[in-house]
Amino acid sequence: MDLVTLKNWSTEDVTEVVEGSIAIKNNPEQYAEATSQRSLAMLFQKTSTRTRCAGEVGMTQLGGHAVFLDWRTTNFALADLRDEIRVLSAYSDVILARFLKHADVVKAAESATVPLINGCCDRYHPTQALGDLMTIQEKLGRIEGVKLTYVGVHNNVCNSLIIAGMKTGMEVTVVAPETNPAAVDEELYETARKAGTYKTSDQIHEAIESSDVVYTDTWVDMEFFTDPAFKDEKERRIKTLSPYQLNAELLAGQDVLVMHCLPAHRGYEISGEIVEDPRSIMFDQSENRLHSMKGAILKLLGAL
Ligand code: CP
Ligand code: NVA
């Protein structure tokens, strides 16, 4: 079993990790030896705060060990990805990989002889979605039937929320005037539409009005954020997307929870005021990345 997209997970698998992660959070001492003598290899091509710390700290708290590998200081850049992943498999029990391209995550998962976790690529962010489901379960006491509206740029995080919705019966509405080209997955959208858990809307007020949760993410993914070649596109997006900023005016009087995977760009996709608003649950959400990463690792090791 791997965690590349979450598409091949059953509803029971997802529920087990959500419930298991809540149990781990509530009784961490019971899991203090759960990965004793086991190692997690963490291979990152992109920057990270939450995913990296969730993996490293999570493994330590489970009684195991994590080794962090920055792609640039390994021999991955010089060699065939498949060869190096086979080598890494011999040293570790699980691999957590944050790669630029989804195709490389797939290639790595095929070559790995241990379970591989996708730590966020250009198409999907499955560990984020698991943490988000856990947070929604904690805050609302249910996931099935919860109405979540995603606002902003349709991206990797949005795709994984759509997959999570299909698995759990959470209804995801996407209000996104822009889509990251690398994230497009028409087959997913068709399947999710047919399942009745996904739709798009251009009516932002109406969508928010009928939501339990409003979710946003960056308008520019991390690998492009400071890239000079993306400067004009970034400026264009800021202009196009400014009416979609989650702010006090847009959310006035709305009884919703506000989520963001973080890092947030205050003043762009979300105002600082809304980050600090009592309706914001984004710091619980980010804490839950730790507990849910532990849940996912144990699930893949058959130890949950
Ligand atoms: N939300 C998330 O994945 O954060 P990082 O990029 O900091 O890991
Ligand atoms: N969608 C953003 C945030 C992921 C945590 C990105 O890929 O940079």
* Once you charge only the Cβ atoms, +1 for Lys and Arg and -1 for Asp and Glu, what is the size of the charge dipole of the chain about its Cα centre, to the nearest 20 debye? -> 460
* Structure fact -> Long-range amide H partners of residue 215, meaning residues 5 or more apart or on another chain whose placed amide H is closer than 5 Å, are 149, 150, 151, 259
* Asked: Given R₀ = 45 Å, FRET efficiency for residue 82-residue 203 by Cβ-Cβ distance, to 0.05?
  -> 0.45
* If each residue's Cβ is checked for other Cβ atoms within 10 Å, how do 244, 91, 215 rank with the fewest at the top? -> 91, 244, 215
* Euclidean distance of C-alpha centroids, segment 188-251 and segment 1-59, integer Å -> 27
* Asked: In what order do 225, 99 fall by count of nearby beta-carbon atoms within 10 Å, going from fewest to most?
  -> 225, 99
* Asked: Dipole size in debye (nearest 20) for segment 104-215 around its Cα centre, Lys and Arg Cβ +1, Asp and Glu Cβ -1?
  -> 280
* **Per-residue ³J(HN,Hα) for segment 93-105, Karplus 6.51 cos²θ - 1.76 cosθ + 1.60, θ = phi - 60°, Hz, x for Gly and Pro** => 9, 8, 10, 10, 10, 10, 10, 5, 10, 4, 4, 6, 5
* Of 96, 22, 131, which is farthest along the charge dipole of segment 21-144 in the positive direction, counting Lys and Arg as +1 and Asp and Glu as -1 at C-beta? -> 131
* Structure fact -> Within the set 139, 25, 294, GNM on the chain using Cα springs under 10 Å gives the largest fluctuation to 139
* Listed here are the pairs 139/294; 101/194; 194/239; 147/239; 7/199; 107/199; which of them are more than 25 Å apart at the Cα? -> 101/194; 194/239; 147/239; 107/199
* What does the charge dipole of segment 33-161 about its Cα centre add up to, to the nearest 20 debye, if the Cβ of each Lys and Arg holds +1 and the Cβ of each Asp and Glu holds -1? -> 320
* Structure fact -> Proxy exposure order for 24, 297 (fewest C-beta within 10 Å first) is 24, 297
* Stretch in the chain that is longest and holds no GluC sites (Glu not before Pro) that DSSP places in a loop and that have at most 14 other beta carbons within 10 Å -> 34-143
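Laboratory data are not the source of any read-out in this text; all were calculated from the coordinates shown. Here the structure is a predicted model, which means the values were calculated and not measured. Don't worry about glycine lacking a Cβ; one is built from the backbone with ideal geometry, like all the others, and counts go over all protein chains shown.
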